Amino acid sequence: MAGAGFDPLGEVVDGSELRVVSSLDSQGHCVLSNLAEVVERVLSFLPIKPLLTAACVCRLWRNCALRKLKARQRIVWISSTEDTGKDLPSSPHPLFHVVKRELEHIYVLPHIFIYVTDSLILQTDGNDQVSKRGKKKPLCETAAAFEKILPKECEILGLTALGIVATPMGSSSNRPLELEHGEAGFGLIIPKMNGVKVQTFHFIKDPKSRCFDESKLQEAGLKNNPDLRVVLIFGYNTWRQGDTRFLTQVLGPLNEKNIIIAGGQVEYLAPFSPQMKAKGSTYTGAGGLTFSGPRIQAASVLLDVNVDKVETADSVIQRLKAANIPEENSIGLMFACNGRGGQHYYKDNVEADLFRKHFPSIPLFGFFGNGEIGCDRVVGASFTLRECCDNRDELLHGYCTVMTIIHFGK
């Protein structure tokens, strides 16, 4: 999975080389026996936009295009590091300009788009916090810009955090970077996948009530869902005094031993509902994604505050490796405290480098936030609990890193 993620036939790209392999190609020749096979062969070279255009030509082309579209079911990732975004305009965020360019070349139809950008634009030149009204403007501009370039049917979840963890485009084996300073970001484009159901959810704190309505969890597929495998959850304004209670109430009913929970507390969640877009409104809430389906495998480990040496961090990530999650069609996620990173280990990029050491072909993404959400759970292929630490029931953390892998099947 590299950059846009696919070669012209929808196969995974390794580095900058295109691998187009079929049973006939391996024998040095290709035989196409009818017109439909010829059309499919030609259409397989088209990115998603021209493929959808070609589907309008006639019934044959439409059916061939739909078959190719259904075969493209892998997550696409796009990233903007300090190097790639250096010469790009800062408003909207440089990630937007990279995504806009790469959308012309992707081979999947976006179903859900989740992006994370750094919070550098929340700062003035003197590193002083600007007013709420001033800092919301560029963030809303970025969110609105993404809405314009993505399909109307695509759901968008946008986050802003203090720092970014991202794998540079080009190859899934590239060294993932912990970008604690400077402009950076990444986007994950999730298509519809057979055997996998991905949904967004969002809960806003009711200022008139001290209790969270748990019936909302069931409506969002977070309770009484036997197919639920992974929950990614992000709280915003939940670190403020009195608001942590809300996040705790949301997480409490989710704390089941047979699902993976991971995420963190972010600076900002882009408005994606009419209520959030109301002028002058400020909210406390939590949003995220759920992953359900028999094809999903996942595992998660916790690097707590006492893990402050390379050797001990390596031993924790070795346990994640021991979960035997397949590397093909998988992504890694890293949610770290803004107090970790280089200042914690007195060395840069420690945890991301250790992840790459043990998982050489899984791209890694995440952020540095105001608090971590996650569990230390290793789940087997049958999705039964295999191993967990003593603190498995504690989901809210500080000065920790949550490292997670999600596999979407072959």
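The values are calculated or read from the model by the stated rules, or taken from the named source; none is laboratory data. Please read these numbers as outputs of a predicted model, since none were measured by experiment. Neighbour counts are summed over all protein chains in view; Cβ atoms, including those assigned to glycine, are modelled from backbone coordinates with ideal geometry. Each accessible area value is taken on the protein alone, full model and side chains, heavy atoms only, with ligands, DNA and RNA left out. Shrake-Rupley method; radii C 1.70, N 1.55, O 1.52, S 1.80 Å.
Descriptive notes on the structure:
- Accessible surface ranking for Asp118, Asp213, 1.4 angstrom probe, highest first: Asp213, Asp118.
- Between Tyr346 and Glu394, the contour length at 0.36 nm per residue exceeds the alpha carbon distance by 14.5 nm.
- Inter-label distance, nm, simple model (7 Å from Cα along the C-beta direction), Gln241/Cys56: 5.9 nm
- Relative contact order for the range 214-355, counting Cα pairs under 8 Å that sit 6 or more residues apart, in percent: 26 percent
- Where Lys223, Lys192, Lys216, Lys148 fall by accessible area, highest first, once all protein chains stay in place (1.4 Å): Lys148, Lys192, Lys216, Lys223
- Note: relative contact order over the range 137-252, using C-alpha pairs below 8 Å and six or more positions apart, is 14 percent.
- Surface per residue (accessible, 1.4 Å probe) for the range 140-265, Å²: 43 Å²
- Computed packing ranks the peptides 163-172, 325-334 as 163-172, 325-334, most packed first, by mean other Cβ atoms within 10 Å.
- Once all protein chains are placed together, Tyr283 keeps about 50 Å² accessible to a 1.4 angstrom probe.
- FRET efficiency, 1/(1 + (r/R0)^6) with R0 25 Å, evaluated for Ala144 and Asn225 via beta carbons: 0.15
- Site pair Glu104 and Ser215 shows an inter-label distance of 5.1 nm when each label is modelled 7 Å from Cα along Cα→Cβ.
- To the nearest 10, the accessible area of Glu214 is 110 Å² with a 1.4 Å probe.
- Cross-link pairs exceeding 18 Å in C-alpha to C-alpha distance, out of Lys309/Lys357; Lys321/Lys357; Lys49/Lys70; Lys100/Lys192; Lys192/Lys321; Lys152/Lys223, comprise Lys100/Lys192; Lys192/Lys321; Lys152/Lys223.
- Net lengthening on full extension, Thr200/Ser315 (0.36 nm per residue, minus Cα-Cα): 38.0 nm
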